[in-house]
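The values are calculated or read from the model by the stated rules, or taken from the named source; none is laboratory data. What you are looking at is a predicted structure, and each value in this text was computed from that prediction instead of being measured. Every residue, glycine among them, receives a Cβ derived from its backbone with ideal geometry; neighbour counts consider all protein chains shown. Calculation scope for accessible area: heavy atoms of the full protein, side chains included, ligands and nucleic acids excluded. Shrake-Rupley method; radii C 1.70, N 1.55, O 1.52, S 1.80 Å.
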Amino acid sequence: MKEYQNLLYEFDGGIGIITINRPKALNALNGATMRELNELLDVIAQDPSVKVVIITGSGEKAFVAGADITEMQSMSAIEGRNWGKLGQAVFDKLENLPQPVIAAVNGFALGGGCELAMACDIRIASDKAKFGQPEVTLGITPGFAGTQRLPRLVGKGRAKELLFTGDMIDAAEAYRIGLVNKVVPPEELMAAAKAMAQKIMSRAPMAVQLCKAAVNEGMDMDLQSAVAYEAEVFGLCFATADQKEGMAAFVEKRKANFTGK
Ligand code: CAA
């Protein structure tokens, strides 16, 4: 497997674990890291042995403390726009990866770090994690789709408060407003993420991937088009061996043995 400069990638029994690995800069996303992430996501998307992906940050302190401020400091307007477009494209690729993606948020998830977590399907946070979009304290707006994914997750009013104040919130508050799915002690974070990954992996893989596609595609459609899309993916399930197996197992009162076919 290829070695990356700013990422660690390991494969553990069907789970691909990506670690953003710039602990000295609190895992801030610089251009090199974004390009590596882009490349790795292409590899993972094409690898059917990866059933679920977990993304976390290196070290005890940070998931990702944002886009790299030292790199952005001297950007022109055009460079800023291109940097935003790159980040948006990489996070869009992440959000639409065929496999489910779990963010294991081990510390600060600020700016681009919060945006990275929001592009994942599910967020599990350590009780030490902190979330925020502090861009306005730097004279900028979020640039990796935070102004769009945050209100979609927590509603317009709460999103605007976080965006306008730049305030950080702790994991308990993030859970309360629906920004994270679960909060656990730091030492249990990876085990909790892996347990959720294992549970998802025990379900029919095609059905899981189609659920992801139906939610992602449908959220950007009007309700009628979205439910029509759902009917198509629902119908498609009946062409899979796993539907036959899942329903036979139920009727025969045994555990289903899914093959992903
Ligand atoms: N970019 C570059 N370097 C960063 C960084 C970032 N986003 N966040 C932290 N670092 C670096 C610090 O400069 C410091 O480096 P040195 O040791 O070389 O000085 C190192 O990481 C450790 O950070 P601190 O000493 O600041 O640690 P702390 O515990 O005192 O504070 C923190 C932690 C509150 C997270 C603080 O580091 C911080 O506020 N970081 C910036 C957070 C931020 O504003 N993020 C948004 C960036 S803009 C963005 O992301 C735009 C977008 O939408 C695309």
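Order 53-59, 186-192, 246-252 from most to least packed using the mean count of other Cβ atoms within 10 Å.
Details: 53-59: 23.6, 186-192: 15.0, 246-252: 12.1.
Top of the packing list down: 53-59, 186-192, 246-252.
Just to be sure I understand the rule: take each whole DSSP H helix in the chain, project its Cα atoms onto its long axis, keep it if the span is 20 Å or more and its mean Kyte-Doolittle hydropathy is at least -1.0. Which ones pass?
Numbers: long enough: 31-45 (21 Å, 0.40); 77-95 (27 Å, -0.48); 205-219 (21 Å, 0.50); 223-237 (21 Å, 0.91).
Membrane-span-like by this criterion, though nothing is claimed about a membrane: 31-45, 77-95, 205-219, 223-237.
Scan segment 56-121 for GluC sites (Glu not before Pro) in coil per DSSP, keeping those whose Cβ has at most 15 other Cβ atoms within 10 Å, and list them by number. Please list the in-between numbers first.
Numbers: sites: E60, E71, E79, E95, E115; in loops: E60.
Here the sparse-neighbourhood loop sites are E60.
Restricted to Cα positions, what overall size does segment 205-251 have along the principal axes? Three whole-Å values, descending.
36, 16, 15
Would you mind telling me the antiparallel percentage of the DSSP bridges in the chain, rounded to 5? Kindly include the intermediate steps, with their values, before the conclusion.
Numbers: 9 of 31 bridges.
If I count the DSSP bridges inside the chain, around 30 percent turn out antiparallel.
For the chain, what is the calculated [θ] at 222 nm in deg cm²/dmol (nearest 500), taking -39500 (n - 2.57) for each run of four or more DSSP H residues and dividing by its residue count? Provide the component values of the computation, followed by the final result.
Values: 11 runs with 125 residues, N = 261.
Counting only the DSSP helices, I get -14500 deg cm²/dmol.
Give the carbon-plus-sulfur fraction of the accessible surface of the chain in %, rounded to a whole number; probe 1.4 Å, heavy atoms of protein chains only. Please list the in-between numbers first.
On the way: 7700 of 13590 Å².
Whole-percent figure for carbon plus sulfur exposure: 57.
Long-range amide H contacts for K130: which residues qualify at under 5 Å (H placed 1.01 Å from N, peptide plane, sequence gap of 5 or more or a different chain)?
Placed amide hydrogens put G107, F108, A109 under 5 Å from K130.
Which number comes out as Rg/Rh for the chain once both Rg and the Kirkwood Rh are worked out on C-alpha atoms? Could the numbers behind the result be given before it?
Working: Rg = 18.9 Å, Rh = 19.2 Å.
Taking Rg over the Kirkwood Rh, I get 0.99.
Cα atoms only, segment 34-89: Rg and Dmax in Å?
14.5, 42
In square angstrom, what is the accessible area per residue of segment 7-201 with a 1.4 angstrom probe?
Per-residue accessible area for segment 7-201 comes out at 44 Å².
For a 32 Å ceiling on Cα separation, which of these pairs sit above it: K51/K85; K51/K253; K61/K255; K130/K194; K2/K160?
Details: K51/K85 28 Å; K51/K253 26 Å; K61/K255 41 Å; K130/K194 21 Å; K2/K160 41 Å.
Correct reply: K61/K255; K2/K160.
Only four residue types carry charge here, +1 at the Cβ of Lys and Arg and -1 at the Cβ of Asp and Glu. Report the dipole size of the chain about the Cα centre in Debye, rounded to the nearest 20.
Working: 28 positive and 31 negative charges, 104 e Å.
Roughly 500 debye, rounded to the nearest 20.
Quick one: accessible area per residue over segment 205-251, 1.4 Å probe, rounded to a whole number of Å²?
Values: 3100 Å² over 47 residues.
Result: 66 Å² of accessible area for each residue.
About its Cα centre, how strong a charge dipole does segment 32-167 have in debye, to the nearest 20, once Lys and Arg get +1 and Asp and Glu get -1 at the Cβ?
Details: 14 positive and 16 negative charges, 91 e Å.
Around 440 debye, computed over segment 32-167.
How many angstrom separate the Cα center of segment 134-203 from the Cα center of segment 38-77?
About 16 Å separates the Cα centre of segment 134-203 from the one of segment 38-77.
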